[in-house]
1. From the residues in region 49-81 that are among the polar types (S, T, N, Q) and at pLDDT 85 or above, which one is nearest to the chain's Cα centre (by Cα)?
2. Of all residues in region 1-14 being assigned to a strand (DSSP E or B) and not small (Gly, Ala, Ser), which is surrounded by the fewest Cβ atoms within 10 Å (Cβ to Cβ)?
3. How many residues does region 1-46 contain that are touching a residue at least 40 places away in the same chain (Cβ under 8 Å), more than 11 Å from the chain's Cα centre (by Cα) and under 24 Å from THR72 (Cα atoms)?
4. Hey, can you tell me all the residues within region 9-32 that are among the small types (Gly, Ala, Ser) and under 11 Å from GLN52 (Cα atoms)?
5. Return the pair list, or none, for Cβ contacts closer than 8 Å from residues in region 54-65 that are aromatic (Phe, Trp, Tyr) to residues that are at pLDDT below 90, at least 6 apart or on different chains.
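The values are calculated or read from the model by the stated rules, or taken from the named source; none is laboratory data. If you're wondering where the values come from, they're calculated on a predicted model, not measured in any experiment. Cβ coordinates were reconstructed from backbone atoms using ideal geometry, including for glycine residues, and neighbour counts include every protein chain displayed. Side chains included, ligands, DNA and RNA excluded: accessible areas come from the protein's heavy atoms. Shrake-Rupley method; radii C 1.70, N 1.55, O 1.52, S 1.80 Å.
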Amino acid sequence: MELGNFSVSLAVKNLEVSREFYEALGFNVIAGGEAMKMYILRNATSTIGLFQGMFEKNMLTFNPGWDRQCTTLEEFDDIRD
């Protein structure tokens, strides 16, 4: 089953401290910024979103139809169906 790109979205209290923590674990920023109050980070196998003030709780995120590079998949199973 091909669901698309999966990530964990984390509600953080301090965006920059959280970014530094995950970078120390080997993650690299691929999108976002301090002004946007969010970062998307990725390592070899995982994608994490850090969000400050956008939502109250952590959540699982699916981007149906995308691969890890945000390229549209030719075929995928749409979990919304």
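1. Step by step, filter region 49-81, then rank; the result is ASN58.
2. So the residue we want is VAL8.
3. Here the count works out to 4.
4. Those that are among the small types (Gly, Ala, Ser) and under 11 Å from GLN52 (Cα atoms): SER9, ALA11, SER18.
5. Listed by first residue and then by second, the contacts come to PHE62/LEU3; PHE62/GLY4; PHE62/ASN5; PHE62/PHE6; PHE62/ILE79.
Residues are listed down the side, and each one gets a yes or a no for (1) out of contact with any helix residue (DSSP H, G or I) (no Cβ under 8 Å at 6 or more places or on another chain); (2) acidic (Asp, Glu); (3) open to solvent by 80 Å² or more (accessible area, probe 1.4 Å); (4) not in a loop (DSSP other than H, G, I, E, B):
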| site | (1), (2), (3), (4) |
| --- | --- |
| GLU16 | yes, yes, no, yes |
| VAL29 | no, no, no, yes |
| GLY32 | yes, no, no, yes |
| ILE40 | yes, no, no, yes |
| PHE62 | yes, no, no, yes |
| CYS70 | yes, no, no, no |
| GLU74 | yes, yes, yes, no |
| ARG80 | yes, no, yes, no |
